[in-house]
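The values are calculated or read from the model by the stated rules, or taken from the named source; none is laboratory data. As the structure is a computational prediction, the values presented were derived from the model and not from experiment. A quick note on method: Cβ atoms are made from the backbone with ideal geometry, for glycine too, and the neighbour counts reach across all protein chains shown. To get the accessible areas, we keep the full protein, side chains included, count just its heavy atoms, and leave off ligands, DNA and RNA. Shrake-Rupley method; radii C 1.70, N 1.55, O 1.52, S 1.80 Å.
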Amino acid sequence: MKAIAQDVYGSAEVLQLREVDQPSIGADQVLVQVRAAGVDPGVWICMTGRPYGARVAFGLTKPKVAVRGRALAGVVVAVGSGVRRFQPGDEVYGTSSAGTFAEYAAAVSGRLAPKPPRLSFEQAAAVPISGVTALECVRDGGRVRAGQKVMVIGAAGGIGSFAVQIAKAAGARVTGVCGAGKVDLVRSLGADEVIDYTREEVDRDGPSHDVIIDLAGCRSLSLLRRALTPRGTLVLAGGGHDAGGLLGGYTRQLRAPLVSMFTSQHLRGLASKERAQELEELAQLIESGAVTPVIGRTYPLADAADAIRYLAEGHPTGKIVITMDPKGAPRTP
């Protein structure tokens, strides 16, 4: 089968479109014919091996898994002997630790869920990592309740575009933070107010937000706290593209609980889980019309390296998706 794979860490030039063996599946796994795959910062981390602390999980000197990608949407073609939830022909979405920038991927059944009928395969592939992270930021990290004021920093990005919609569905009043060219998009997602960070900072209104979800990873904890109510909650997800040092931008997530020990504010990092439970909850929000994935660009499999280069430039709008359709150049749906 065709796949995007690499043998060494490095920039996008290390990625190759090549023939690899079709994956075999275990008793609790499903073989999926991939129709589309999501691109997220985790793909860039696995490709570069940076920040260096990530290599503990992904391989010290070279990637343990050669094929890139984690999120997928596709059609089940085979199931393991212990799988009862799916059968060949089912349309599914979810994650795989074995790589999804490929024609086929093996995935643990507990990390898959039925694809929402309302979504195309490209839209569905945008959900499993970014949508789940956004859900957990709002539901678990921020514990957002109706009537609260919630700020989403990075509101036009892959996770942020979901977080704005999910917070609105929870009944919150949402302030989105984004660049000048994305203000209209963030308003269309349901944001009640929008801050253009090129003109104003997030503490513009003082300590007025009950929950702040920071997805940009570039502001100091002290600045973020100035926009938070005295007993408010700050949720940190992702480390941006700061790859310096051992942990890069993720250092803030480790510092946050320590700072919380000396203040009435709650500061916490978020480590997302990959489970069918969250995918099923998102499917309900999607089918109700409360949440719709925002696709910024799609690329054919052969151009996956270009997709990651575009991601690494910073500030993409919505999600970037790899499609198995070989036709055409990168497009904005």
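Here are some notes:
- So Asp214, is it open to solvent by less than 10 Å² (accessible area, probe 1.4 Å) and of a type in the set (Asp, Glu): yes
- The lone criterion from (1) open to solvent by 60 Å² or more (accessible area, probe 1.4 Å); (2) touching a Lys or Arg at 6+ places or on another chain (Cβ under 9 Å); (3) of a type outside the set (A, V, I, L, M) left unmet by Ser260 is number (1).
- No other residue among Val138, Val194, Val132 is among the aliphatic types (A, V, I, L, M) and open to solvent by 10 Å² or more (accessible area, probe 1.4 Å) apart from Val194.
- Residues of the range 109-142 satisfying the condition of being among the acidic types (Asp, Glu) and closer than 26 Å to Leu234 by Cβ: Glu136, Asp140
- Which numbered condition Ala36 misses (of (1) open to solvent by 10 Å² or more (accessible area, probe 1.4 Å); (2) closer than 25 Å to Val321 by Cβ): (1)
- All positions within the range 1-39 that are outside any strand (DSSP E or B) and closer than 16 Å to Ala107 by Cβ: Met1, Gln22, Pro23, Ser24, Ile25, Gly26, Ala27, Asp28
- Residues in the range 267-284 include none that are assigned to a loop (DSSP other than H, G, I, E, B) and modelled with pLDDT of 95 or more.
- Single match in Arg219, Arg187, Arg231 (criterion: at pLDDT below 95 and out of contact with any Asp or Glu (no Cβ under 6 Å at 6 or more places or on another chain)): Arg219
- Pairs are defined by a Cβ separation below 8 Å, a sequence spacing of at least 6 or placement on different chains, a first member in the range 43-56 that is aromatic (Phe, Trp, Tyr), and a second member that is part of a helix (DSSP H, G or I) and open to solvent by 20 Å² or more (accessible area, probe 1.4 Å); the pairs so defined are Trp44/Ala312.
- Screening the range 187-227 for residues that are over 22 Å from the mean Cα position of the chain (by Cα) and among the acidic types (Asp, Glu) and picking the one that is nearest to Glu136 (Cα to Cα) gives Asp210.
- Considering residues of the range 146-171 that are open to solvent by 20 Å² or more (accessible area, probe 1.4 Å) and in contact (Cβ under 8 Å) with a residue 40 or more places away in the chain only, the residue nearest to Gly42 (Cα to Cα): Ile159
- Residue within the range 51-68 that is among the small types (Gly, Ala, Ser) and over 21 Å from the mean Cα position of the chain (by Cα) present: yes
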